[in-house]
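First, the structure itself, so that you have it in front of you.
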Amino acid sequence: MVDSPPNEAAELSANAQPALVVGQVVGHYQIIAPLGKGGMGEVYLANDAKLDRKVALKLLPAVLTDNKEALRRFIREAKTASSLNHPNIITIHEIGEAEGVHFIATEFIDGQTLKHRLAATRMKLTDMLDISIQAASALQAAHAAGIIHRDIKPENIMLRPDGYVKVLDFGLAKLSEPPGGAGGFKMDPDASTRMQIRTTPGIVMGTVHYMSPEQARGQPLDSRTDVFSLGAVIYEMAAGRMAFAGKTKLDTLVSILEREPPPLDEYPPHLPTEVQRIINKALRKDREDRYQTIKDLQIDLKCLREELSFAQKLERSKPPSSRDIPSTISSATSAAAADQVARAATNESTQTKANPIRRAMPVVLLVIVLAGLAIGGVMLWRRVRSTPAVSTSATRVDRTVSYWITVQKYRNGRPFEVPFRLAGEINFEKDYRVRLNVSSPQSGYLYILNEGPSSADGAKSFVVLFPSATANDGFSYLAENQRVEIPQQSWFAFDAEKGTEKVWLVFCANAVPELEAVKRFTNPKDRGLISDAGLNARVQEFLEANSGAMATLQKDDQLKQTSLRVSGPVLVHVIKLEHH
């Protein structure tokens, strides 16, 4: 028997008029506007009068809070979730009660849900992988803290404009557990990362389209239920439709329990077969055949992203075909060949009765000339190909690039206040986190390095900040007007030692071999530090040799950005970040 879950009753109450009006005060929160409503309550944009910041205020329906034991367990789990300091998990500011209304105050995320994104446009493969990896990272942190989400769905995945993914509503699904549930956690002796939540048999909780088979059956749950739900979300991003859908909820449940979703190759555009394999493994009916941890799923997603990135690099590095040989060579060869043919034809017409050998001489000469021109063309092409990446030819063009700094204040190890933008450098507080943004109207190759302390012999150390695996898919190449954030998924933090951080910004018309070679140090082990002394010395020589051409600097206080311009193919500029 399938009973109506408690959140269905909540949905009925949520369809009524909003409980709060604009301007109303709940505790120390003043309502600004309603944001939405659903089975777990109504959500409002509110202003926190104490800290003067915007928050999302979620009111919990009375039907979910009347049971004191369920409420107590929910508060305990929500507190655990609020202790998670993870960039992909929404920050819970407060769990409170005012005038008999229970509420949760969380950070306000200015973005759109994955559900709205999917309704508006078809997902690109790169975006799908990035969202999936970030969501898996959030779940991995939660599982490590003993929390199972139990309600992963597109509505609970928020996409910020800056590329960050935020997973919402940790702990809320626990509140909908019926009074007969045992509550608490029972650790699985076979795997410390698996948690079991016992619920009353026959009671179905969660959003039907994304729940696991064991969740649909009302069986004890562990962290692998989130693996299945995330697999259903990934399928929807890939296929553009739900993995499990029926005319009624019962039809959907039968589909989850007994049927496989249609293969991805039925939906254009066709995706790599590895995507289908990953989704199939995440959606196994038997959880013993599924990914055993969310980390295993995340590893496969990351490997797929790296393989696709490597394939793109190979495609870009293919040698040019014959049609790519410089036009000056081919046109010169064609002109010379045409001239020789014309001369040969003229000579032959004026010597109609000449010796056969003599008549053949122009043809032989023509063949010799053409062969020589061909060899010369190939040699010239090879010389062009072997020319160092940074050209020092007499033809010089301006390099132009703009940058600005995004600052996020931190307090007690957690972000607070809205990030703000700077055109240039200030004296940063020790708790500030920063992100560098770079863009150019020109295409080119970008490199960012942080200069470390010098050794006794004057040798400097360098840490590679860009390119990296977490920004621009590991590529140094930027297209025209492309903007990159460095780092893309986190922030730079200042160390405890006061002083000046020197950040070298290099923007070139062509790839720089020395700086392309440092990519191999952008891994978790080396953390960007160039440990090869010889390569480090060559990088230092390059920076010193090209930093003599001072860039013209112009700050725009309205746009809050700094523009740099230099005459030549190489722009090198030092950004100095003072901190105390």
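Looking at THR333, THR328, which is the one that is of a type outside the set (Gly, Ala, Ser), surrounded by 13 or more Cβ atoms within 10 Å (Cβ to Cβ), at pLDDT below 90 and assigned to a helix (DSSP H, G or I)?
Step by step, each of THR333, THR328 is checked, and only THR333 is of a type outside the set (Gly, Ala, Ser), surrounded by 13 or more Cβ atoms within 10 Å (Cβ to Cβ), at pLDDT below 90 and assigned to a helix (DSSP H, G or I).
A further question on this structure: For ALA493, only one of the following conditions fails: (1) modelled with pLDDT under 85; (2) closer than 24 Å to SER440 by Cα. What is its number?
Just one mismatch for ALA493, condition (2).
Condition first: touching a residue at least 40 places away in the same chain (Cβ under 8 Å) and in contact with an Asp or Glu (Cβ under 7 Å, 6 or more places away or on another chain). Now tell me which residues in region 22-37 satisfy that.
Scanning region 22-37 gives a single hit, TYR29.
While we're looking at this one, here's another question. Considering every residue within region 521-537, establish whether at least one is touching a residue at least 24 places away in the same chain (Cβ under 8 Å), of a type in the set (Lys, Arg) and surrounded by 14 or more Cβ atoms within 10 Å (Cβ to Cβ).
Scanning region 521-537 turns up no residue that is touching a residue at least 24 places away in the same chain (Cβ under 8 Å), of a type in the set (Lys, Arg) and surrounded by 14 or more Cβ atoms within 10 Å (Cβ to Cβ).
Can you report the number of residues in region 458-486 which are within 20 Å of GLN561 (Cα to Cα), surrounded by fewer than 15 Cβ atoms within 10 Å (Cβ to Cβ) and not polar (S, T, N, Q)?
Final tally of qualifying residues: 3.
Regarding LEU64, is this residue among the hydrophobic types (A, V, I, L, M, F, W, C) and at pLDDT 75 or above?
When the stated conditions are applied, LEU64 does not pass them.
Continuing with this model, one more query. Among the listed residues VAL434, VAL401, VAL438, identify the single one that is more than 28 Å from ASN88 (Cα to Cα) and not in a loop (DSSP other than H, G, I, E, B).
VAL401
If the requirement is being within 13 Å of LEU446 (Cα to Cα) and not in a loop (DSSP other than H, G, I, E, B), which of these qualifies: LEU515, LEU535, LEU564, LEU577?
LEU515
Each row is one residue, and each column tells you yes or no for (1) surrounded by fewer than 20 Cβ atoms within 10 Å (Cβ to Cβ); (2) more than 18 Å from the chain's Cα centre (by Cα); (3) in the same structural domain as LEU436 (by TED's automatic domain parsing).
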{"site": "HIS102", "(1), (2), (3)": "no, yes, no"}
{"site": "LEU139", "(1), (2), (3)": "no, no, no"}
{"site": "ALA145", "(1), (2), (3)": "yes, yes, no"}
{"site": "GLU155", "(1), (2), (3)": "yes, yes, no"}
{"site": "LYS166", "(1), (2), (3)": "no, no, no"}
{"site": "ASP169", "(1), (2), (3)": "no, yes, no"}
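Would you check which residues across region 448-470 are farther than 16 Å from ILE405 by Cα and assigned to a strand (DSSP E or B) and list them?
Selection gives GLU451, GLY452, PRO453, SER454, LYS460, SER461, PHE462, VAL463, VAL464, SER468.
Would you check which residues across region 397-434 are farther than 13 Å from LYS560 by Cα and either hydroxyl-bearing (Ser, Thr, Tyr) or without any contact (Cβ under 8 Å) to a residue 60 or more places away in the chain (or both) and list them?
Those that are farther than 13 Å from LYS560 by Cα and either hydroxyl-bearing (Ser, Thr, Tyr) or without any contact (Cβ under 8 Å) to a residue 60 or more places away in the chain (or both): THR400, LYS409, TYR410, ARG411, ASN412, PRO419, ASP431, TYR432.
Which of the following residues is small (Gly, Ala, Ser) and at pLDDT below 55: ALA245, ALA191, ALA232, ALA239?
Exactly one of ALA245, ALA191, ALA232, ALA239 is small (Gly, Ala, Ser) and at pLDDT below 55, namely ALA191.
Residue-wise test of (1) under 18 Å from SER223 (Cα atoms); (2) crowded, with 16+ Cβ neighbours inside 10 Å; (3) not assigned by TED's automatic domain parsing to the domain that holds HIS149.
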| position | (1), (2), (3) |
| --- | --- |
| GLU260 | no, no, no |
| ASP265 | no, no, no |
| GLU274 | no, no, no |
| ARG287 | yes, yes, no |
| LEU304 | no, yes, no |
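Now for a separate question. Could you check region 22-59 and list, in sequence order, the residues that are closer than 19 Å to GLY96 by Cα, outside any strand (DSSP E or B) and either at pLDDT below 90 or of a type in the set (Lys, Arg) (or both)?
Matches in region 22-59: MET40, LYS50.
Give just the number: which of (1) surrounded by 17 or more Cβ atoms within 10 Å (Cβ to Cβ); (2) over 21 Å from the mean Cα position of the chain (by Cα); (3) among the aliphatic types (A, V, I, L, M) does ALA511 not satisfy?
Just one mismatch for ALA511, condition (1).
If you take the residues in region 104-137 that are of a type in the set (Val, Ile, Thr) and in a loop (DSSP other than H, G, I, E, B), which one is surrounded by the most Cβ atoms within 10 Å (Cβ to Cβ)?
ILE109
Per-residue answers, yes or no, for (1) part of a helix (DSSP H, G or I); (2) crowded, with 21+ Cβ neighbours inside 10 Å; (3) at negative phi; (4) of a type in the set (A, V, I, L, M):
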| residue | (1), (2), (3), (4) |
| --- | --- |
| GLY231 | yes, yes, yes, no |
| ALA243 | no, yes, yes, yes |
| LEU250 | yes, no, yes, yes |
| ARG277 | yes, no, yes, no |
| LYS295 | yes, no, yes, no |
| ALA311 | yes, no, yes, yes |
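Which residue is farthest from TYR447 (Cα to Cα), if the candidates are limited to region 415-431 and must be at pLDDT below 85, surrounded by 12 or more Cβ atoms within 10 Å (Cβ to Cβ) and of a type outside the set (A, V, I, L, M, F, W, C)?
If we take residues in region 415-431 being at pLDDT below 85, surrounded by 12 or more Cβ atoms within 10 Å (Cβ to Cβ) and of a type outside the set (A, V, I, L, M, F, W, C), then GLU417 is farthest from TYR447 (Cα to Cα).
Same structure, new question: Among what's in region 432-458 and is out of contact with any Phe, Trp or Tyr (no Cβ under 8 Å at 6 or more places or on another chain) and over 29 Å from ARG399 (Cβ atoms), pick the residue that is modelled with the highest pLDDT.
Filtering region 432-458 for residues that are out of contact with any Phe, Trp or Tyr (no Cβ under 8 Å at 6 or more places or on another chain) and over 29 Å from ARG399 (Cβ atoms), the one modelled with the highest pLDDT comes out as PRO453.
The values are calculated or read from the model by the stated rules, or taken from the named source; none is laboratory data. From a predicted model like this one, the values you see are computed outputs, not experimental measurements. Cβ: placed from backbone, ideal geometry, glycine included. Neighbour counts: every protein chain shown.
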